[in-house]
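Quick notes on the structure that follows.
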Amino acid sequence: MFFLLSGYFSIRNIEQTTLVKYMIKRFLKLFPVYWVAILITMPLVATFLPSRSVSIKDMLLNFTMLQTILGAENVDGAYWTLFPELVFYIFIFLVLILKKQKNIDKFIFFYVLIQVILLVIPDSSMIILAKKFNTLIYGHCFMAGASIAYLEKYDNKQCVSIIEKIKAILV
């Protein structure tokens with residue numbers, strides 16, 4: 001549900017934002033609270049659940065939100081959700097760089113297409129990486145929310161267009 005809502009709210013106002021505003025809002029939305037959470041969680045886990053405690057190095061890598069890629073343990077198990085979130089934000093970042101906010105339906109289609117292609121390539125290094133980092137497993141949730149936001153803005157013809165494109169991929 002969290003990923004669906006994130007997809008929805010990220011797309012809902014995409015036409016009214018710029019690349020710089022988007023980056024600042026995402027940073028301020030995620031990082032300061034996350035950093036405080038790490039600083040609170042680390043000593044609590046070390047005190048009450050020492051078997052789940054992580055090293056100082058892993059804690060420092062957690063501050064980047066890239067701990068999954070960097071091979072570090074999460075300070076808190078719930079922090080695994082942040083990497084798929086960052087991957088989705090990179091998707092939005094690309095849409096903004098290319099100034100294609102009005103064509104978000106094509107980007108949603110492309111994102112879903114990549115997921116389907118990766119699913120049908122058995123044992124490829126890309127599928128292994130995508131599964132390891134939970135990007136493929138949860139990407140459709142972001143796209144579902146993004147699609148709902150998109151469909152709210154535009155007429156039903158475009159809704160049918162997206163559904164037909166997705167059906168064509170799946171068939």
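The values are calculated or read from the model by the stated rules, or taken from the named source; none is laboratory data. Nothing here was measured: the structure is a model prediction, and the numbers come from that model. Note that each Cβ is placed from the backbone with ideal geometry, even for glycine, and that neighbours are counted across all protein chains shown. Calculation scope for accessible area: heavy atoms of the full protein, side chains included, ligands and nucleic acids excluded. Shrake-Rupley method; radii C 1.70, N 1.55, O 1.52, S 1.80 Å.
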Task: Dipole-positive endmost among 44, 4, 103 within region 1-127 (Cβ charges, Cα centre) - done: 103
TODO: Output the peptides 72-79, 110-117, 42-49 sorted from most to least packed, where packing is the average of other Cβ atoms within 10 Å over each peptide's residues.
DONE: 72-79, 110-117, 42-49
Task: Percent carbon-and-sulfur accessible area, region 42-94, ignoring ligands, DNA and RNA, probe 1.4 Å - done: 70 percent
